[in-house]
Amino acid sequence: MDFESYDVLVVGGGLAGIRAAIAAVEANPRARVGMVSKVYPMRSHTVSAEGGAAAVMRPEDSYETHAFDTIKGSDYLADQDVVEAFVREAPLEIVQMEHWGCPWSRNPDGTIATRPFGGMTTWRTCFAADKSGFHMLHTVFQTSLKYPQITRHDEAFVTKLLVEDSRCVGVAALDMKSGRIDAITAKSTILATGGLGRIYAFTTNGNICTGDGMALAYRAGAGLRDMEMVQFHPTGLPFTGILITEAVRGEGGYLYNNQGERFLKRYVPNKMELGPRDIISRAMTIEFEEGRGFEGPHGKYLHLDVRHLGEKVIDERLPFMRELGREYVGIDIVKEPIPVRPVQHYMMGGVDADIAGATAIDGLYAAGECANVGLNGANRLGSNSLPECLVFGAAAGRAAAEFAGGAKPVTANPVDAMVWDEARRVETSYIEKKGGDERIGVIREEMQHDMDEGAGVFRTKEGLTQLVEKLGGLRDRFDRIKIDDTSRAFNTELTAAMELDFMLECATAIAVSALAREESRGAHARRDFPERDDQKFLKHTLAYWREGAKPRLEYEDVHLGNFKPQARTY
Amino acid sequence: MADRRITIQAVRYDPEKDTAPRMQAYDIPFYDDSMVVLDALNYIKAHVDGSLSYRWSCRMGICGSCGMMVNGTPKLTCNAFLRDYWPRPVHVGPLNNFPVIRDLVIDMDDFMHKLQAIKPWIIRKQELPLGAGEHRQTNRQIDDFHQFSQCINCMLCYAACPVYGLNNEFLGPAATALARRYNLDSRDQGVKERLPVVADPEAVWECSFVGECSVVCPKGVDPAKAIQQTKLETTMRFVLPYGNRE
């Protein structure tokens with residue numbers, strides 16, 4: 001069997017993946033780098049990031065403050081050595097993006113401008129109006145086109161990691177156009193597949209955010225770390241879940257309840273609208289429960305008001321928000337408040353990886369949202385994820401290139417057999433499967449509803465126990481699915497089925513991890529255990545896959561450093 | 001209201017079974033005024049017919065995946081509201097002027113090659129070291145190229161372009177606009193390297209200035225303007241003695 005073989009293979013073509021590919025080439029210009037993505041890279045969900053990228057850019061700012069803000073924001077679950085390294089690298093990555101052409105918004109003197117963001121004590125969020133992710137993704141993707149060493153496999157869906165003697169030697173991937181499953185091998189492989197927001201019904205995440213890389217690594221034996229830590233962003237548009245950027249509050253927007261009250265004064269009096277996301281999402285949920293939300297056709301909501309900023313500031317700093325308001329809600333945000341409510345947005349948890357992105361499997365690395373390198377702990381601060389993709393994407397790219405330099409070549413013999421088996425599995429489990437009666441669309445909707453109910457902003461033992469059971473039931477029903485589409489050509493029902501398979505794995509890891517963490521920390525808020533418990537849970541959760549059973553959990557100490565855990569008030 | 005319905009007429013094509021595209025109608029509930037054409041397709045796929053194939057992701061008008069012909073006009077389906085069509089049926093087809101892979105999925109490899117050909121990256125004689133910090137660029141200098149940097153590569157402009165429809169060698173609207181985006185960036189010095197691509201006989205000179213590209217752009221980019229500016233600039237470079245300035 002023929003297969004493509006690379007030194008370094010990157011799975012995922014978003015900001016972290018492309019940054020990794022470029023870093024691998026720059027670390028070793030003779031390296032052959034493959035990049036496989038289930039979409040064209042510029043469709044990756046980085047494109048939807050709006051507010052900006054945090055880095056210490058101003059002389060008044062300091063690494064120590066950025067590190068402290070991040071660690072406090074994480075509710076002390078971040079690994080402090082990782083945070084310290086991150087804050088030092090982030091400014092260089094911002095400048096690198098500038099050199100590659102990112103149209104960062106500027107100060108009057110032509111330097112890169114910064115804006116305030118939630119949980120950050122000073123202005124350090126660099127931005128390109130309110131399309132920061134869009135501009136960063138297109139910049140890095142277009143820049144990647146100048147490297148002949150990088151070969152892309154667009155619209156190829158990775159179905160399995162190829163692991164031989166506990167070393168990852170590449171992937172099996174479905175070429176969507178032809179429907180063929182091929183091996184794409186490499187001496188080292190980097191997962192940069194993004195988040196899993198689609199396991200929830202109400203999410204800012206695009207259709208492609210289905211946790212593929214997390215599930216692939218998990219099934220191959222790597223741990224999933226801190227999966228109970230799911231971020232809910234305070235301001236999503238009802239019905240669509242479209243993100244209204246935190247930069248709206250950074251630029252001075254106010255949140256109001258139905259009493260016309262800036263209610264955050266009762267929750268985060270010193271920070272108000274610039275409090276961290278976990279606390280504001282809880283505050284909004286409590287406002288709803290206590291009857292101070294507005295009632296709309298798509299459920300309860302609150303008001304995010306920018307009218308006092310004026311048209312000029314809105315058009316200069318928040319033009320996309322005005323466009324989204326006009327097109328998706330039919331309002332002009334210059335004249336009317338924006339209806340918003342908390343919405344699933346980001347996954348702090350992910351593939352257990354060290355500061356260089358290395359996982360427990362030799363030759364397998366992870367970066368960006370699909371990874372957990374220990375940066376975000378129990379709650380990520382807004383505008384830390386774009387620089388995370390850059391810093392840890394680049395680190396993984398360099399580490400993977402170095403590993404590839406000293407690694408044995410991948411041999412055809414076991415790879416052929418592994419891919420043959422995988423192609424048969426996909427045939428028999430999906431395309432040729434007979435007698436099924438369950439629609440994947442229905443199972444997916446039930447999973448999303450169950451996750452919203454059981455693993456949302458607030459959790460309980462009862463709700464999580466039910467969720468684990470329901471997910472088990474959905475897994476049983478998944479085994480009886482029926483696929484309408486038997487064609488090879490661009491079979492998106494097949495990929496949707498495999499995505500649902502991945503999502504069920506991730507959802508179960510979340511539910512089981514959340515049930516076991518009997519405390520409240522960051523985004524994980526247990527009504528039955530409302531306090532943080534550093535004695536028992538100043539620890540990372542690690543979930544390991546077991547076939548046909550719930551995951552096995554282990555715990556691992558947090559890397560503490562200069563910042564001792566203290567009460568987290570704002 | 002609760003039992004309001006709408007008919008979606010989708011173009012179907014499976015290269016393994018069909019010799020030509022065919023139409024299939026789906027009658028589905030139109031249960032919310034906020035529903036867009038993409039929501040209708042998603043309803044069909046989840047509940048009626050899982051074999052309908054199309055691309056989508058962000059459903060907020062920024063990823064550029066879900067462009068299709070909606071009642072004959074290239075549109076982002078995540079941004080085409082059913083209420084604007086109801087009670088008439090909505091006809092959904094693959095984008096014009098592209099080969100069709102399957103149903104509503106077009107083959108856009110041609111654009112990916114064109115994108116690479118225009119060298120869409122900053123070209124400098126000497127790269128600034130990272131330690132030197134950022135290039136200074138004023139917001140006014142950003143204004144020079146800003147609109148051309150808004151392109152989401154959704155292909156609506158190619159679907160609307162009659163010249164591209166006749167001759168797919170034509171560089172076309174989005175690629176020209178992106179070449180312009182870099183040529184106008186104060187940090188870039190690559191205009192001469194891009195010149196052979198944009199001044200090629202198959203490039204800007206093919207444009208007959210219909211301007212439909214700019215009309216259908218969902219992001220306010222004006223590729224027609226980029227093409228006219230490029231015509232002017234290439235002429236100046238050949239005609240005027242100081243035309244080859246950097």
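Observations on the structure shown:
- As a proxy for reagent exposure, ranking A:Ser429, A:Ser5, A:Ser520 by other Cβ atoms within 10 Å from fewest up yields A:Ser429, A:Ser5, A:Ser520.
- For segment A:334-402 versus segment B:191-224, the gap between their alpha-carbon centres in whole angstrom: 38
- Sequentially through segment A:195-201, phi angles give Karplus couplings (6.51, -1.76, 1.60; θ = phi - 60°) of x, 9, x, 6, 6, 9, 6 Hz, Gly and Pro residues having no value and appearing as x.
- Among A:Lys265, B:Lys119, the order by Cβ neighbours within 10 angstrom, fewest to most, reads A:Lys265, B:Lys119.
- For segment A:432-437, Karplus couplings with θ = phi - 60° (6.51, -1.76, 1.60), whole Hz, Gly/Pro x: 9, 5, 10, x, x, 9
- Each Cα pair of segment A:209-256 feeds into the Kirkwood radius, which the Stokes-Einstein equation turns, at 4 °C and 1.567 mPa s, into a diffusion coefficient of 94 µm²/s.
- Stretch in chain B that is longest and holds no trypsin sites (Lys or Arg not before Pro) that DSSP places in a loop and that have at most 10 other beta carbons within 10 Å: B:1-124
- Kirkwood Rh (inverse of mean 1/r, distinct Cα pairs), segment A:118-225, angstrom: 16.8
- Note on segment B:128-222: the C-alpha convex hull projects to 7.0 nm² when averaged across all orientations.
- Between A:Met347 and A:Leu196, A:Gln231, the built amide H atoms are under 5 Å apart, and every one of these is 5 or more places off in sequence or on another chain.
- Of interest is the spacing of the C-alpha centroids, which for segment A:189-237 and segment B:83-143 amounts to 26 Å.
- Size estimate for chain A follows the Kirkwood approach: the inverse of mean 1/r over distinct Cα pairs works out to 23.6 Å.
- Residue-averaged beta-carbon neighbours from other chains (10 angstrom radius) around A:129-138: 3
- Label positions at B:Asp109 and B:Glu202, each projected 7 Å from the Cα along the C-beta direction, are separated by 1.5 nm.
- Cα centre as origin, Lys/Arg/Asp/Glu Cβ charges: the protein assembly as shown dipole, Debye: 1020
- Principal axis dimensions, chain B - Cα atoms, whole angstrom, descending: 68, 40, 30
- Spherically averaged projected area of the convex hull of Cα atoms, segment A:514-570: 5.1 nm².
- Divided by 2.2 N^0.38 Å, where N counts the residues, the Cα radius of gyration of segment B:92-174 comes to 1.48.
- Under a 5 Å amide H cut-off, with hydrogens placed 1.01 Å from N, A:Ala525 pairs with A:Arg459 among residues at least 5 apart or on other chains.
- Which of B:Phe170, B:Tyr182, B:Trp205, positive extreme of dipole for segment B:157-212 (C-beta unit charges): B:Tyr182
- Options A:Pro319, A:His298, A:Ile355, ranked by Cα towards positive dipole end of segment A:282-398, top entry (Cβ charges): A:Pro319
- Cα centroid of segment A:536-554 to Cα centroid of segment A:24-93, whole Å: 27
- Candidates per GluC sites (Glu not before Pro) in segment A:427-515, loop by DSSP, up to 16 other Cβ within 10 Å: A:Glu432
- Computed per residue of chain B from DSSP H runs no shorter than four, each worth -39500 (n - 2.57), the mean residue ellipticity at 222 nm is -8000 deg cm²/dmol.
- Semi-axis lengths (Å, descending) of the ellipsoid that matches the C-alpha gyration tensor of segment A:1-62: 30, 18, 6
- Magnitude of the charge dipole for segment A:242-367, about its Cα centre and with charges confined to Cβ atoms of Lys, Arg (+1) and Asp, Glu (-1), is about 480 debye.
- Using just its DSSP H runs of length 4 or more, each adding -39500 (n - 2.57), chain A gives a mean residue ellipticity at 222 nm of -11000 deg cm²/dmol after division by all residues.
- Working note: Karplus 6.51/-1.76/1.60 with θ = phi - 60° gives segment B:16-23 the couplings 7, 10, 9, 8, 8, x, 9, 10 Hz, where Gly and Pro are set to x.
- Take the Cβ atoms of A:Ala516 and B:Ala20, set R0 to 56 Å, and the FRET efficiency comes out at 0.45.
- Options B:Leu95, B:Leu82, B:Ala46, ranked by Cα towards positive dipole end of segment B:1-106, top entry (Cβ charges): B:Leu95
- Here A:Ser166 and A:Glu556 are evaluated by their C-beta separation; at R0 = 25 Å the FRET efficiency comes out at 0.80.
- Förster radius 35 Å - calculated FRET efficiency between A:Arg546 and B:Arg83 (Cβ-Cβ, nearest 0.05): 0.10
- Of the trypsin sites (Lys or Arg not before Pro) in segment A:26-58, those whose Cβ has at most 16 other Cβ within 10 Å and which sit in DSSP loop: A:Arg30
- Loop-resident GluC sites (Glu not before Pro) (DSSP state other than H, G, I, E or B) in segment A:4-106 with no more than 14 further Cβ atoms inside 10 Å of their Cβ: A:Glu60.
- The alpha carbon convex hull volume per residue for segment B:8-94 rounds to 98 Å³.
- Placing +1 on each Lys and Arg Cβ and -1 on each Asp and Glu Cβ, with no other charges, gives chain B a dipole about its Cα centre of roughly 480 debye.
- Considering only Cα atoms, the convex hull volume of segment B:169-211 works out to 65 Å³ per residue.
- Amide H contacts for B:Ile6 (H built 1.01 Å from N in the peptide plane; partners 5 or more residues away or on another chain; cut-off under 5 Å): B:Ile28, B:Phe30.
- Neighbour-count order for A:Leu386, B:Leu232, fewest beta carbons within 10 angstrom listed first: B:Leu232, A:Leu386
Every number here is computed from the coordinates shown, using simple stated rules; none is lab data. Quick caveat, the model's predicted, so the values are computed rather than measured. Don't worry about glycine lacking a Cβ; one is built from the backbone with ideal geometry, like all the others, and counts go over all protein chains shown.
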